[in-house]
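Report on one structure; see the data block that follows.
The values are calculated or read from the model by the stated rules, or taken from the named source; none is laboratory data. As the structure is a computational prediction, the values presented were derived from the model and not from experiment. Positions of Cβ are backbone-derived with ideal geometry, glycine not excepted, and every protein chain shown enters the neighbour counts. Side chains included, ligands, DNA and RNA excluded: accessible areas come from the protein's heavy atoms. Shrake-Rupley method; radii C 1.70, N 1.55, O 1.52, S 1.80 Å.
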Amino acid sequence: MDRSQRRWVDATHNLERACELDPRNLPYLINLGSMYLWLHDYDEHAKIMDRIVALHPEQRPGRIFRASVEVYRRADTGPWRAEIENILTNDPGSEKDPFVVGQRYALALYDRDWDAAGRAAAVLSQKNSLDAWSFPQLGRDFWVGVVARLKGDETSARAAFMRAHAQQEDEMRVHPDDVSLLADLGLIDAALGRKEEALREGRRAMELASSVKNSSTEPYVKMCFAIICTWTDERELALGQLEAFTKAPGSYTYGDLRLNPMWDPLRGDPRFEKIVASLAPKK
């Protein structure tokens, strides 16, 4: 409740106390770890992830999330890549685990290995394919389109985005009040070059998100709108959005802004580089 109402100090204190009283409670630990990540306290986040891995060394997500701390903090994909490769080598069946596949796709994008990203995209789950990488509801076709465009295959990219658009409209008919779905539709329209529709959907999603009592919805919608503006050549609007939402707790990280090709149209702009530098590790 504290987190949903943006009382960050109280939320952290209460989660810490809960974990003291019940130190083996996995949901409590996960919530505390995500709270530290949300606040960009990477040292404390890493400590909680160490506890989770010690309690459940067999669980792949905990091990991969622990290894990815240096991506968030320093834009270093090395430990993340090493742990994924270790799991793929020593853990039978992991290559078909939807979570692992999504992580491989995200890693390939950060490493700008478009061939690896294409292979991973082909076996992503149809729904919620990158649930653990900031985009909880976008499905496989969207990510197939992203990597096709990065590879310069515009025909395949557009076909994939058209499929994603049709699926998104179907989802919205089932869940008409889901603000995140509207923001995602804006992203898809931006990818299709439908600038006015994308901006309208992004703005409407932000209007609606302000009344949603969920601490993650509004930051997510704002991030989507910043990407929509980036992809529709509304550079100043995109930078204004980034400057605003990176001043509050959220899922954005130095590593993502530094490495994610979705932000590439802004690279080289002094305002964007200043935003990225402001999130860089201080030591």
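Looking at the structure I just gave you, is Val101 out of contact with any Phe, Trp or Tyr (no Cβ under 8 Å at 6 or more places or on another chain), open to solvent by 80 Å² or more (accessible area, probe 1.4 Å), assigned to a helix (DSSP H, G or I) and free of Cβ contacts under 8 Å to residues at least 40 places away in the same chain?
On the way: out of contact with any Phe, Trp or Tyr (no Cβ under 8 Å at 6 or more places or on another chain): yes; open to solvent by 80 Å² or more (accessible area, probe 1.4 Å): no; assigned to a helix (DSSP H, G or I): yes; free of Cβ contacts under 8 Å to residues at least 40 places away in the same chain: yes.
Judged against the criteria, Val101 is not a match.
Only one of Ile64, Ile84, Ile52 is more than 30 Å from Ala277 (Cα to Cα), crowded, with 18+ Cβ neighbours inside 10 Å and of a type in the set (Val, Ile, Thr); which? Can you show your working first?
Details: Ile64 fails: more than 30 Å from Ala277 (Cα to Cα); Ile84 fails: more than 30 Å from Ala277 (Cα to Cα).
Residue meeting the stated conditions: Ile52.
Kindly indicate which of Ala191, Ala198 is open to solvent by less than 10 Å² (accessible area, probe 1.4 Å) and over 21 Å from Ala106 (Cα atoms).
None of the other options fit; the residue is Ala198.
Suppose we filter Gly268, Gly250 for residues that are surrounded by 19 or more Cβ atoms within 10 Å (Cβ to Cβ) and not in a helix (DSSP H, G or I); which single one remains? Working first, answer last.
Values: Gly268 fails: surrounded by 19 or more Cβ atoms within 10 Å (Cβ to Cβ).
When all the criteria are applied, what remains is Gly250.
Would you check if Tyr36 is over 23 Å from Gln137 (Cβ atoms), under 17 Å from the mean Cα position of the chain (by Cα), buried (at least 17 other Cβ atoms within 10 Å of the Cβ) and aromatic (Phe, Trp, Tyr)? Give the steps one after another, and end with the answer.
Values: over 23 Å from Gln137 (Cβ atoms): yes; under 17 Å from the mean Cα position of the chain (by Cα): yes; buried (at least 17 other Cβ atoms within 10 Å of the Cβ): yes; aromatic (Phe, Trp, Tyr): yes.
Yes.
Looking only at segment 167-184, count how many residues are open to solvent by 20 Å² or more (accessible area, probe 1.4 Å), in contact with an Asp or Glu (Cβ under 9 Å, 6 or more places away or on another chain) and part of a helix (DSSP H, G or I). Please lay out each step first, then the result.
Residues of segment 167-184 that are open to solvent by 20 Å² or more (accessible area, probe 1.4 Å), as a first pass: 167, 169-178, 182.
Filter once more, keeping what is in contact with an Asp or Glu (Cβ under 9 Å, 6 or more places away or on another chain): 167, 171-172, 178, 182.
Pick out the ones that are also part of a helix (DSSP H, G or I) and you get 167, 171-172, 182.
The qualifying residues number 4.
Against the definition (open to solvent by less than 10 Å² (accessible area, probe 1.4 Å) and within 18 Å of the chain's Cα centre (by Cα)), how does Phe161 come out, yes or no?
On the way: open to solvent by less than 10 Å² (accessible area, probe 1.4 Å): yes; within 18 Å of the chain's Cα centre (by Cα): no.
Judged against the criteria, Phe161 is not a match.
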